[in-house]
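See structure below.
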Amino acid sequence: MDPSGEEELYRFGPMGISISFARPGPFVLTRRNNTEVVLTGRRLYGRGKMPAFAGLFNRGEAPVFDVPIREIVAIEPADFLANRAVLIRYRSPAGEKEVSIIGAVSCHGHIARLMDLLPPLMAGAGGE
C-alpha cells in the first residue's frame, strides 16, 4: 500500500520516464528521468524524485501530477519518434487538463501495461 492507504497496483520510473502537460512532441517541455509514476485503485499520480543529495535540504520528492481515476475523460496512445506515450485527459476544478507519460525505448512495456490497467479501472469508476 502507498502512504495514503490506497492499494498500489503498478509503479514505475523514474529512469526512462518523462512527463509533459501537453501532447508529447520534440519541442514540448518535459520532466525527464525524475518522476515516479504510481497507479492505485483510485488515482494515477507522479512524484518527483530528487537526487540523494537533495534530501539534505528537503524530503527529496514533490508531487508532479495527481489524476483521480473517476475524472479521466480519455486515454490515448501518443507515440512519437522512438518513444511510447499515453496522453491522459482529465477533469479538474480549473477545467480539462492533460498529462502525457512518455517511456523511452527501455520503458515501452511500462506504458503498454499502464494502458492495459487504466480502462478497467475507468469503467469501474464510471469513466469511459
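The values are calculated or read from the model by the stated rules, or taken from the named source; none is laboratory data. Just so it is clear, the model here is predicted, and its values are computed rather than measured. Here the Cβ is made from the backbone with ideal geometry for all residues, glycine too, and neighbour counts use every protein chain on show. Areas reflect the complete protein model, heavy atoms only, side chains present, ligands, DNA and RNA absent. Shrake-Rupley method; radii C 1.70, N 1.55, O 1.52, S 1.80 Å.
How about region 1-43: which of its residues are within 12 Å of the chain's Cα centre (by Cα) and among the small types (Gly, Ala, Ser)? Those that are within 12 Å of the chain's Cα centre (by Cα) and among the small types (Gly, Ala, Ser): GLY13, SER18, SER20.
Within region 75-89, can one find any residue that is part of a strand (DSSP E or B), in contact with a strand residue (DSSP E or B) (Cβ under 9 Å, 6 or more places away or on another chain), modelled with pLDDT under 95 and hydrophobic (A, V, I, L, M, F, W, C)? Looking for residues that are part of a strand (DSSP E or B), in contact with a strand residue (DSSP E or B) (Cβ under 9 Å, 6 or more places away or on another chain), modelled with pLDDT under 95 and hydrophobic (A, V, I, L, M, F, W, C), one finds at least one in region 75-89, hence yes. The residues in region 16-27 that are out of contact with any Lys or Arg (no Cβ under 9 Å at 6 or more places or on another chain), open to solvent by 20 Å² or more (accessible area, probe 1.4 Å) and either at positive phi or touching a residue at least 60 places away in the same chain (Cβ under 8 Å) (or both) can be counted, and the count is 2. For region 17-33, the tally of residues that are aliphatic (A, V, I, L, M) and more than 11 Å from VAL99 (Cβ to Cβ) stands at 3. Restricting region 95-113 to residues that are open to solvent by 90 Å² or more (accessible area, probe 1.4 Å) and not acidic (Asp, Glu), the residue that is farthest from THR30 (Cα to Cα) is ARG113. Among residues belonging to region 99-128 that are of a type in the set (A, V, I, L, M) and not in a helix (DSSP H, G or I), point out the one that is modelled with the lowest pLDDT. That would be ALA125.
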